[in-house]
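Notes for the one structure printed next.
The values are calculated or read from the model by the stated rules, or taken from the named source; none is laboratory data. All values reported here derive from a predicted model rather than from experimental measurement. These accessible areas exclude ligands, DNA and RNA; they are computed on the full protein's heavy atoms, side chains included. Shrake-Rupley method; radii C 1.70, N 1.55, O 1.52, S 1.80 Å.
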Amino acid sequence: MRLSPAPSDRDMPEAGATLAPMARRRSAADSAYDSLRAAVISLALPPGTALSRTAIARRLGVSQTPVREALIRLQEEGLIAVVPQSATRVARIDLASAREAGFLRLALELAVVRRLAEAPPPGLEAALQTELARMRASADEDGFTAADAAFHGVLYAAAGVPGLHELVRSRSGHLDRLRRLHLPSPGKAEAVLRQHAELAAAILRRQPAEAERLLRDHLSNTFAELARIRDRFPEFF
């Protein structure tokens, strides 16, 4: 049997020419997950809240299938507790999980700020100043928290490891809720902004040891206030 000759590069069609462009859109399950997770992290859905798939689907304007998928993902993150033959509820804050997330975040970000302080990449100063300005201009806790996360996201991206920021986010649900309870404390937002500005300055001045010290102080504040937070919100733990 004679085989046909392999097509030459000249005969091969361009790969892009054979594929129809795909519309970029998020699935209903992804959108439901994002909405539910944001409500849990912001404490709009506080720990212990009973969740109804029917009510959530109606509120989000989707079927129950994407809501079920979103709840499964949140259960995997430990943010939703499902009791068979009973209610699905927002999980209470698990301090062991919060401490693990804090350990992971500190270990990664110490390496990130050292790398950046040893050789700040072009554009880093402008990116950090943009997020600091967003924090100063934030009108509410949601905006401040988003700008806070974006500031740290800039650090990961500038160090060339943006995927690790998403890894930390996916493991930090309990820690983020603990931090959200701490944020309204008098002077807390101002302290966070000042610490971010000092950290940015140390990185841009090429001071790795100082940047690490400032980061340790920045990430330890919430746990230093843990007893006070638990006394104020015992029903959340």
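Counting alpha carbon pairs within less than 8 Å and at least 6 residues apart, what relative contact order, in whole percent, applies to the stretch 54-167?
In percent, rounded to a whole number, it is 16.
Please state the shape class of the stretch 100-158: rounded when a/c is under 1.5, otherwise prolate if a/b exceeds b/c and oblate if not, all from the C-alpha gyration tensor. Please list the in-between numbers first.
Working: a/c = 3.52, a/b = 1.24, b/c = 2.84.
Cα axes put the stretch 100-158 in the oblate bin.
Suppose accessible area is computed on protein heavy atoms with a 1.4 Å probe; arrange PHE233, PHE103, PHE144 from highest to lowest.
Numbers: PHE233 40, PHE103 160, PHE144 20 Å².
Most to least solvent-accessible, the answer reads PHE103, PHE233, PHE144.
Using the Karplus equation 6.51 cos²θ - 1.76 cosθ + 1.60 (θ = phi - 60°), what ³J(HN,Hα) coupling, rounded to whole Hz, does each residue of the stretch 124-129 give in order, writing x for Gly and Pro?
Here the 3J(HN,Hα) series is 5, 4, 5, 5, 5, 5 Hz.
From the phi angles alone, apply the Karplus equation (6.51, -1.76, 1.60; θ = phi - 60°) to the stretch 97-109 and give each ³J(HN,Hα) in whole Hz, x where the residue is Gly or Pro.
Values, residue by residue: 5, 4, 5, 4, 5, x, 5, 4, 4, 4, 4, 5, 6 Hz.
Can you give the accessible area per residue of the stretch 41-81, in Å², using a 1.4 Å probe? Could you put the intermediate results ahead of the total?
Numbers: 2190 Å² over 41 residues.
That works out to 54 Å² for each residue.
For the stretch 133-233, what relative contact order do you get, as a whole percent, if you take Cα pairs closer than 8 Å and at least 6 residues apart? Spell out each step's value before the answer.
Working: 39 pairs, mean separation 20.3, N = 101.
Contact order relative to length: 20 percent.
Using all C-alpha to C-alpha distances in the stretch 110-237, build P(r) with 5 Å bins and read off the rounded percent in each one.
2, 10, 20, 23, 21, 14, 7, 3, 1, 0
Let me see the pair-distance distribution of the chain: every alpha carbon pair, 10 Å bin width, integer percents in order.
Cα pair-distance distribution for the chain, in percent: 7, 26, 28, 20, 10, 5, 3, 1, 0.
Could you tell me the relative contact order of the chain? Use alpha-carbon pairs under 8 Å, at least six residues apart, and round to a whole percent. Each step should come with its number before you reach the end.
Values: 231 pairs, mean separation 56.1, N = 237.
Relative contact order comes out at 24 percent.
Near the amide H of LEU51, under 5 Å away, which other amide H atoms are found, from residues 5 or more places off or on another chain, if H is placed in the peptide plane?
When sequence neighbours closer than 5 places are left aside, the close amide H contacts are THR88, ARG89, VAL90.
Whenever you get a sec, compute what percent of the accessible area on the chain sits on carbon and sulfur atoms (1.4 Å probe). Write out the running numbers ahead of the final one.
On the way: 7500 of 13970 Å².
For the chain, the apolar C and S fraction of the accessible surface comes to 54 percent.
Once you have the Cα-Cα distance between LEU104 and ALA126, take 0.36 nm times their residue separation minus that, and quote the gain in nm to one decimal. All intermediate terms of the calculation are to be shown ahead of the outcome.
Details: separation 22, 0.36 × 22 = 7.92 nm, distance 2.74 nm.
Full extension from LEU104 to ALA126 adds 5.2 nm.
For the stretch 152-218, what is the accessible area per residue in Å² when the probe is 1.4 Å? Kindly include the intermediate steps, with their values, before the conclusion.
On the way: 2910 Å² over 67 residues.
Counting only protein heavy atoms, the per-residue value for the stretch 152-218 is 43 Å².
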